[in-house]
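Okay, structure first, notes after.
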Amino acid sequence: MAEALEQLSLKDIPPPPPGTSFVDDATGADAASAGSQESPFKTPAYALYTFPDAPIYIKKAADGPFEPISASMLKKAKKGAEGLAKKLKAAEEAATKKAADDARKLDDAKKIVLVTDSSLPKPKHIKIREGTENRETRVLIHGWVHRLRLQKGLAFLVLRDGTGFLQCVLAGDLANAYSTLTLTLESTVTVYGVIHPIPEGKTAPGNHELAVDYYSVVGLAPGGDDAITNKVQENADPSQLLDMRHLVLRGETMIGIFKIRAQLLKSFRRVYEDLGLTEVTPPCMVQTQVEGGSTLFSLKYYGEDAYLTQSSQLYLETCLPALGDVYCVQESFRAERSHTRRHLSEYTHVEAELAFLTFEDLLVHIETLLTRTIEYVLEDPESAAILAKLNPGFKKPTLPFRRMTYESALDWLNEHGVPNEDGEAFKFGDDIAEAAERKMTDEINEPILLTRFPVEIKSFYMQKCADDPRVTESVDVLMPNVGEITGGSMRIYELDELMKGYEREGIDPAPYYWFNDQRVYGTCPHGGYGLGTERILAWLCDRFTVRDCSLYPRFSGRCKP
Ligand code: 4AD
């Protein structure tokens, strides 16, 4: 019955003449539509305003047909269209007036000549971080325009100079001058004035602001299409952002991460100093592998085959008899083909080597180093404030770290139904791959010292456990969200044993003569470890990927800028 009625009414509707405007309140849009059946307007008023002479067909129900507009609706639409026309005219007039006002303002602005008042005291050149102790004295500061807000008769700019952020207030002629009205983000300026505390209840970096009495532009950054806000957009494709890394680095999050990075490296050095280790700087161009041939970057070195170092460990070992316990902060290189959130082709490797110690001593050293370093980072008020923003839920690790053997990790994974890489239950000898390791670490949610890995899945140089020669005196430090941040071990210190290691891994021992001599000229039990700076940072700063924590990250397919 209903179908019959519908067919009847459809038959009664005259076909729309050519040039008809179509309106559908449910699916149409006004300004963005063409007014066709496929792209209808939303309102009859807009249809009439756009095509005043066109007939209008309107859809009254979502599943109904387009039908001619009724006379009463048309009358209403005419009123609406008149209103729209008026509104648009007013907007056009306002825009013309604003353009004329702006042009006049700029012309007036050009007449303002900014000069420094010679009766004012000579300014003291300071950095932003020295603001507090230099309040109420006339200062001069160079920096970049980080934020800019122009208001009637006032301009607020947040200046950045690498040591901090400072709100600067420009009033009167300073705010109205041509250079201020045309100032752009990332321009460099020199500001002169006096820093005053801000009134209570207001917020500004350092709780103060600079009342500017004079400023000059050092380098004007582009505006319009080339403005930094168009070059670096938060939601842009990650690879575009990496192309623009040199500009992205100026953002507050990046600045925070690299301030923490500097503080972290400084803190590592401070702990090493406390513990009496000596810093050395081993070479990056080498002719020996450390962590397996598959991730070596090779290069031609004056016609000879050479590599970029995977780890400075072997060189550190040779320093023990000369300098005692040593460490280095050095770039390591890994030709990792896979794109994961924790692998880079180049990373900053903090490595240490210690002589005459037991495996237990090594574990205690590593957990002490990590906890003390983090304490030193947090001791610094600037770093603590940045970390509170980047990672508000961060809890500093406490001693002792949970210890877990490789075999008990397999039990944990099997009990929790986490399969190995073949989708089966874990068995002795399996590698614990990234996904499984992360699952376990995240669930346990505290630092883990994972120890005693099987000989076969570890490097040629690792010392076997005295009570079980199937496993090594090895350790990985695992952190929630990131997984492995540190890998270390005791080293084989008997030459015969080491030779067996080379043989097992199919490595020619000849190029390692200098490393082998370590076992000949006064051998000793020793061990060490390497920490991936970007991985520790990813954990500390709560970053999804280590790429955020490297200044100019390198991974397969990216070696620029
Ligand atoms: O576990 P790895 O491979 O150990 C070594 O290189 C030892 N020779 C170090 C030593 O004992 N002196 O690497 C040590 C650490 C890892 O735990 C990880 O934090 C980091 O280096 N790492 C990487 N970081 C970023 N990208 C990569 N491709 C990394 N490979 C290792």
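Odds and ends about this structure:
- Among the residues making up region 353-374, those that are within 16 Å of the ligand (Cβ to nearest atom), in contact with a helix residue (DSSP H, G or I) (Cβ under 9 Å, 6 or more places away or on another chain) and not hydroxyl-bearing (Ser, Thr, Tyr) are Glu353, Leu354, Ala355, Leu357, His365, Leu369, Leu370, Ile374.
- For Leu275, the criteria (1) in contact with a strand residue (DSSP E or B) (Cβ under 8 Å, 6 or more places away or on another chain); (2) within 30 Å of Leu370 (Cα to Cα) hold in every case but one, which is (1).
- For region 395-423, a residue qualifies if it is at pLDDT below 95 and acidic (Asp, Glu), and the qualifying residues are Glu421, Asp422.
- All conditions in (1) of a type outside the set (Gly, Ala, Ser); (2) open to solvent by 40 Å² or more (accessible area, probe 1.4 Å); (3) more than 16 Å from the ligand (Cβ to nearest atom) hold for Ile386, with the sole exception of (2).
- Some residue of region 436-453 being buried (at least 16 other Cβ atoms within 10 Å of the Cβ), within 15 Å of the ligand (Cβ to nearest atom) and of a type in the set (Asp, Glu): yes
- In region 74-89, the residues that are closer than 14 Å to Thr50 by Cα form Cβ pairs under 9 Å with partners that are open to solvent by 80 Å² or more (accessible area, probe 1.4 Å), at six or more places apart or across chains, as follows: Ala81/Pro52.
Here is a yes/no grid of residues against (1) more than 16 Å from the ligand (Cβ to nearest atom); (2) without any contact (Cβ under 8 Å) to a residue 60 or more places away in the chain; (3) under 33 Å from the mean Cα position of the chain (by Cα):
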{"position": "Phe333", "(1), (2), (3)": "no, yes, yes"}
{"position": "Tyr347", "(1), (2), (3)": "no, no, yes"}
{"position": "Tyr376", "(1), (2), (3)": "yes, no, yes"}
{"position": "Lys396", "(1), (2), (3)": "yes, yes, yes"}
{"position": "Asn420", "(1), (2), (3)": "yes, yes, yes"}
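A quick yes/no check of all residues on (1) open to solvent by less than 30 Å² (accessible area, probe 1.4 Å); (2) within 16 Å of the ligand (Cβ to nearest atom); (3) without any contact (Cβ under 8 Å) to a residue 12 or more places away in the chain; (4) more than 29 Å from the chain's Cα centre (by Cα):
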site	(1), (2), (3), (4)
Ala204	yes, no, no, no
Gly224	no, no, yes, no
Leu241	no, no, yes, no
Val280	yes, yes, no, yes
Thr288	yes, yes, no, yes
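- Top-ranked residue in region 399-435 [being acidic (Asp, Glu) and open to solvent by 70 Å² or more (accessible area, probe 1.4 Å); ranked as nearest to His339 (Cα to Cα)]: Glu421
- Of the residues Leu210, Leu174, Leu159, Leu140, the single one that is outside any loop (DSSP other than H, G, I, E, B), touching a Ser or Thr at 6+ places or on another chain (Cβ under 7 Å) and farther than 17 Å from Ala109 by Cβ is Leu140.
- Qualifying residue in region 116-124 (condition: surrounded by fewer than 14 Cβ atoms within 10 Å (Cβ to Cβ) and among the hydrophobic types (A, V, I, L, M, F, W, C)): yes
- Residue within region 457-465 that is at pLDDT 95 or above, of a type in the set (A, V, I, L, M, F, W, C), outside any helix (DSSP H, G or I) and within 13 Å of the ligand (Cβ to nearest atom) present: yes
- Residue in region 496-509 that is of a type in the set (Lys, Arg) and not in a helix (DSSP H, G or I) present: no
- Residue count for region 299-331 under the criterion of being more than 10 Å from the ligand (Cβ to nearest atom) and assigned to a loop (DSSP other than H, G, I, E, B): the result is 4.
- Of all residues in region 134-179, those that are aliphatic (A, V, I, L, M) and buried (at least 20 other Cβ atoms within 10 Å of the Cβ) total 11.
- Consider region 543-561 and keep the residues that are more than 11 Å from the ligand (Cβ to nearest atom) and closer than 14 Å to Arg342 by Cβ. The one that is surrounded by the fewest Cβ atoms within 10 Å (Cβ to Cβ) is Phe544.
The values are calculated or read from the model by the stated rules, or taken from the named source; none is laboratory data. The model shown is predicted, which means the values in this text are computed figures rather than measured ones. A quick note on method: Cβ atoms are made from the backbone with ideal geometry, for glycine too, and the neighbour counts reach across all protein chains shown. For accessibility, only protein heavy atoms count, side chains too; no ligands or nucleic acids. Shrake-Rupley method; radii C 1.70, N 1.55, O 1.52, S 1.80 Å.
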